[in-house]
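The values are calculated or read from the model by the stated rules, or taken from the named source; none is laboratory data. In this text the structure is predicted, and so the values were computed from the model without any measurement. Note: ideal-geometry Cβ built from the backbone for every residue, glycine included; neighbour counts use all protein chains shown.
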Amino acid sequence: MSTKVETFQFQAEARQVLDLMIHSLYTNKEIFLRELISNASDALDRLRFESLSKPDLIGADEKLEIRIASDTEARTLTVEDNGIGMSRDEVIANIGTIAKSGTRELIQTLKEKQSSDVLTSLIGQFGVGFYSAFMVADRVTLVTRRAGEETATQWESVGDGTFSIADAGKFTRGTSITVHLKKFEEGPDGDGVDDFTSQWVIEGIVKRYSDFVGYPVIFKDRQLNSMKPIWTRSRSEVSDDEYKEFYKHISHDWNEPMTTWSFRAEGRSEYQALLFVPSQAPFDLFYTTGKFGLHLYVRRVLIMEHCEELLPPYLRFMRGVVDSADLPLNVSRQRLQEDRHITQIRKWLTKKVLDSFEEMQKGEPEKYVEFWNQFGRVVKEGASFDFDNKDKLMGLYMFESSRDSGGLTTIRDYVARMKEGQSAIYYLTGPSRRAVENSPHLEAFKEKGYEVLYLVDPVDEILVQSLPEIDGKKLKSVGKGTADLGTEKDLKEKTGEFSALLEALQKRLEDRVKEVRLSSRLTASPACLVVSEEDVSPNLEKLLSQAKGEKTVQKRIMELNPDNEIVVRMRDRIQKDENDPLIDDFAQVLFGYAVLAEGSELQDPLRFNQALVRTLGRSV
Ligand code: ADP
């Protein structure tokens, strides 16, 4: 049937995935059939969707379905659908490349980690569906014709890094995939894999994994699946395994979901939702190319996959379906944004989801922490956008803190633990827990027994700006402004004694600090740098510099610890001799020390080093 045959190379990433598939010890090989049926069902969905605007694509009394055929002699299994099909270019683009950005990096990290389960985690993050056929096949042939086109294309590969493309002449609309199964060996010396041409094996797999698929799966003129939409059945009627398989079907995730929730709204409007929290964050969660959104059904008919309007972007990791009785069947993507039903569903669903997370946080705190570690970063985006749910979100946010027991805490729990006399909720931002927990800024707070939240996620910098007061308590950075620890009066009195030193330092560091003053936040260190209340934190300054590619450094305020021995001695020297030659080096070393303690880089390391060496020279 084919005329000219052309050979193509698999894209490097796709070849690696294929290699993994072919040599995989993944025992659950039967899922390849689930993947092919899932793809067929997606192709039928797409056809139905396109036919809304082009009704001619589907014949008048044509049935959309998935057909399976097997041949035990020839050792082949064929899965065929009369869905959207693919054009020649689409075949080359879709089968043979992996379109997701970041694939290469992902494969590399998985390989480096030498994870024994490279395949499972790769598949878990992608769903490399079609390629899974190569777990059981030594050759795969695909013939396809796109709806609305005249000619068909044949794709074939033995999984050796190349595939061939040929014209396939006449062929009905849709896609047919023939898996040429590897040799089957039964018995104790066999490979333990089922015979995928056998009727009962095929029936069993379809029942187990694809029962809810929305199109008939036909084998030997019999429909194998019940086609019952799983969300319309009552929870007690559906087994956990069925939910899990449904999740895998719609999410293309091979991992099990962390949790399943079903919601139903009755009354004036009627809608229901079956939602899943994945157990692992997809690695493209922060890529603009990532595909998110729930499946939208109108009275059991799929209207749209990846409908992003049903939940706010900060819940984009949620998977599942929403079925509404109120929407028109021909609702278009453009109109969705203004549709008041959609707005209503979104509001209702957001609240349901946040309530459910709240329940999880109370009832299953360990699970909640797991969830938080995977998705907390996204949920934090909500604080800047979802003002209606600000309070609820606030309760869901968790942070590290300086308290002894370690672990994450909510701000409310923090407030409940606050000491008498503590006037604010203290926090410090930084690049990591390690970087912030050794910061000199914490000294006096620790001594007073005041807990400090460690905000070590880049998004926290933006988050703190939108967090409200809690029980009348403001959030306050321990590295900004004055410390307000109740010792300000003493400081004022002391400032007179130190004025000569403060002035001398100010003069020498003029180009880098805007003020030198005494500190109430230090108990051990001689000095630290702080910024004004309205300035950005050093951590954010660094993040912004990285993003902009240019370095901007705001002038800091240098604070001295009046109880530190070095500072006291220097004060005495200056009082005796205003022009004490030591003061130049002292200023440089002290400033450099404070810059390093802040976790920043020295602007002029040479100047610091020379001053340090001269100082050491004098002291030995
Ligand atoms: P995924 O389904 O996760 O995108 P696959 O490797 O299973 O990944 O499939 C790659 C692409 O090939 C699909 O996104 C789809 O565009 C196309 N494809 C696969 N199977 C079919 C089919 N039966 N009909 C039409 N297109 C298909």
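Inspection of the stretch 276-285 identifies no residue that is touching a residue at least 40 places away in the same chain (Cβ under 8 Å) and under 22 Å from LEU44 (Cβ atoms). Residue count for the stretch 59-83 satisfying the condition of being among the acidic types (Asp, Glu) and near the ligand (Cβ under 9 Å from one of its atoms): 2. Of everything in the stretch 1-13 that is surrounded by fewer than 21 Cβ atoms within 10 Å (Cβ to Cβ) and within 14 Å of the ligand (Cβ to nearest atom), the residue that is modelled with the lowest pLDDT is GLU13.
Hey, does the stretch 525-540 have a residue that's in contact with a Ser or Thr (Cβ under 9 Å, 6 or more places away or on another chain), among the charged types (D, E, K, R) and either farther than 19 Å from ALA383 by Cβ or surrounded by fewer than 18 Cβ atoms within 10 Å (Cβ to Cβ) (or both)? Yes, that holds for at least one residue. Can you name every one of the strands (runs of 3 or more DSSP E) wholly within the stretch 513-582 that holds 1 or more residues which are of a type in the set (Asp, Glu) and on the phi < 0 side of the Ramachandran plot? Because the criterion is at least 1 residues that are of a type in the set (Asp, Glu) and on the phi < 0 side of the Ramachandran plot, the strands (runs of 3 or more DSSP E) in the stretch 513-582 that meet it are 513-518, 556-560.
Just one of the numbered conditions (1) over 15 Å from ALA273 (Cα atoms); (2) of a type in the set (Val, Ile, Thr); (3) at pLDDT 85 or above is not true of VAL321: (1).
Applying the set (1) modelled with pLDDT of 90 or more; (2) outside the structural domain of ALA69 (by TED's automatic domain parsing); (3) surrounded by fewer than 18 Cβ atoms within 10 Å (Cβ to Cβ) to ALA265 leaves exactly one unmet item: (1). Of all positions in the stretch 584-599, none carries a residue that is touching an Asp or Glu at 6+ places or on another chain (Cβ under 9 Å) and assigned to a loop (DSSP other than H, G, I, E, B). Going through (1) modelled with pLDDT under 95; (2) near the ligand (Cβ under 9 Å from one of its atoms) one by one, MET86 falls short only on (1). In summary, VAL459 fulfils each of the numbered conditions (1) at pLDDT 90 or above; (2) out of contact with any strand residue (DSSP E or B) (no Cβ under 9 Å at 6 or more places or on another chain) with the single exception of condition (1). Taking the stretch 478-493 as the range and being out of contact with any strand residue (DSSP E or B) (no Cβ under 6 Å at 6 or more places or on another chain) and not in a loop (DSSP other than H, G, I, E, B) as the test, the residues that pass are GLU488, LYS489, ASP490, LYS492, GLU493.
Filtering the stretch 256-285 to residues that are in contact with a Lys or Arg (Cβ under 8 Å, 6 or more places away or on another chain), in a loop (DSSP other than H, G, I, E, B) and within 16 Å of the ligand (Cβ to nearest atom) leaves only ASP284.
Here is the figure for the stretch 286-303: residues that are in a loop (DSSP other than H, G, I, E, B) and either over 22 Å from PRO229 (Cβ atoms) or not small (Gly, Ala, Ser) (or both) total 9.
Does the stretch 60-78 contain at least one residue that is under 29 Å from the mean Cα position of the chain (by Cα) and either without any contact (Cβ under 8 Å) to a residue 12 or more places away in the chain or within 26 Å of LEU181 (Cα to Cα) (or both)?
Taking every residue of the stretch 60-78 in turn, none turns out to be under 29 Å from the mean Cα position of the chain (by Cα) and either without any contact (Cβ under 8 Å) to a residue 12 or more places away in the chain or within 26 Å of LEU181 (Cα to Cα) (or both).
Of ILE303, ILE342, which residue is over 30 Å from PRO365 (Cβ atoms), touching an Asp or Glu at 6+ places or on another chain (Cβ under 8 Å) and either of a type in the set (Ser, Thr, Tyr) or buried (at least 16 other Cβ atoms within 10 Å of the Cβ) (or both)?
ILE342
Pick from ASP323, ASP284: which is surrounded by 20 or more Cβ atoms within 10 Å (Cβ to Cβ), among the acidic types (Asp, Glu) and more than 21 Å from ASN389 (Cβ to Cβ)? None of the other options fit; the residue is ASP323.
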